[in-house]
Amino acid sequence: MGRMGYTGRIGSGLAGWLLASCCLPMLLLAQEVSDDAVAQRIAALTTQIKDMQRANGSWTFGVNSVGMSALMVLALRQAGVPANDPVIQSAVGYLLQNSDARTYGEGLVPCALEAVDPAKYRDRHRQAVAYLERAQLDDGSWSYTKANGARPGDNSNTQFAALGLAAAERCGVLIPAAVRGRALRYWSGIQQGDGGWGYTGQGQ
């Protein structure tokens, strides 16, 4: 998918709607928009996302169906769709039964399941944590898949891995101390002089 990977292409298709929803507060700063107009737009996007769900409960985006489906669950929950909505429950069923064995997907699944019910789905949380533990590189970062072990990690994948581990931990799953320690050393070691981080190492 190139340097920016999954998140770099988030502007297309369903993910573009998710990004538009996230950016809506910033747009409000640039122009006056009524609360009613915002609510109507969120409702329209919610309908579009629901209508594009596949029969098996997923949404597709190349090889990232699990990651995309988790993103759509997060978007719908953020939009106020109840956790017991049939679309949400169908998507949860898909996430419980499937893994794309990719860092983005396994990082996002715990986030989505936490948004549905933080007290359930611990077996799937543990599955995601186990994958992320195996896929972590020696320097503490993550690449696209465990099979990409020879490829340097990047901060996009590493961010989603960290988000997933944090969500799983909030839901009661133990995160191995070694995984946490390697990740913390990685982030600390590549922080730039201005306090920020690049896409991979320092200055990149």
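The values are calculated or read from the model by the stated rules, or taken from the named source; none is laboratory data. In this text, all values refer to a predicted model and were calculated from it rather than measured experimentally. Cβ atoms come from the backbone with ideal geometry, glycine included; neighbour counts cover every protein chain shown. Heads up: the accessible areas ignore ligands, DNA and RNA and are worked out on the full protein's heavy atoms, side chains in. Shrake-Rupley method; radii C 1.70, N 1.55, O 1.52, S 1.80 Å.
Out of 198, 193, which single residue is surrounded by fewer than 21 Cβ atoms within 10 Å (Cβ to Cβ), in contact (Cβ under 8 Å) with a residue 12 or more places away in the chain and in a loop (DSSP other than H, G, I, E, B)? Give the derivation first.
Details: 193 fails: in contact (Cβ under 8 Å) with a residue 12 or more places away in the chain.
Result of the check over 198, 193: 198.
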Residue pairs meeting the criteria (Cβ under 8 Å; at least 6 apart or on separate chains; first more than 13 Å from residue 92 (Cβ to Cβ), in the stretch 114-127; second among the aliphatic types (A, V, I, L, M) and assigned to a helix (DSSP H, G or I)): 126/168
Pick from the stretch 25-73, criterion at pLDDT 95 or above, among the hydrophobic types (A, V, I, L, M, F, W, C) and assigned to a loop (DSSP other than H, G, I, E, B), ranking: least open to solvent (accessible area, probe 1.4 Å): 59
Set 173, 179: member being open to solvent by less than 80 Å² (accessible area, probe 1.4 Å), of a type in the set (Val, Ile, Thr) and either assigned to a helix (DSSP H, G or I) or touching a strand residue (DSSP E or B) at 6+ places or on another chain (Cβ under 7 Å) (or both): 179
Residue, nearest to residue 110 (Cα to Cα), within the stretch 75-99, restricted to residues that are open to solvent by 50 Å² or more (accessible area, probe 1.4 Å) and part of a helix (DSSP H, G or I): 96
Pick from the stretch 128-146, criterion part of a helix (DSSP H, G or I) and free of Cβ contacts under 8 Å to residues at least 40 places away in the same chain, ranking: farthest from the chain's Cα centre (by Cα): 134
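Return yes when residue 76 is closer than 25 Å to residue 183 by Cα and at pLDDT 95 or above and no when it is not.
On the way: closer than 25 Å to residue 183 by Cα: no; at pLDDT 95 or above: yes.
It is false that residue 76 is closer than 25 Å to residue 183 by Cα and at pLDDT 95 or above.
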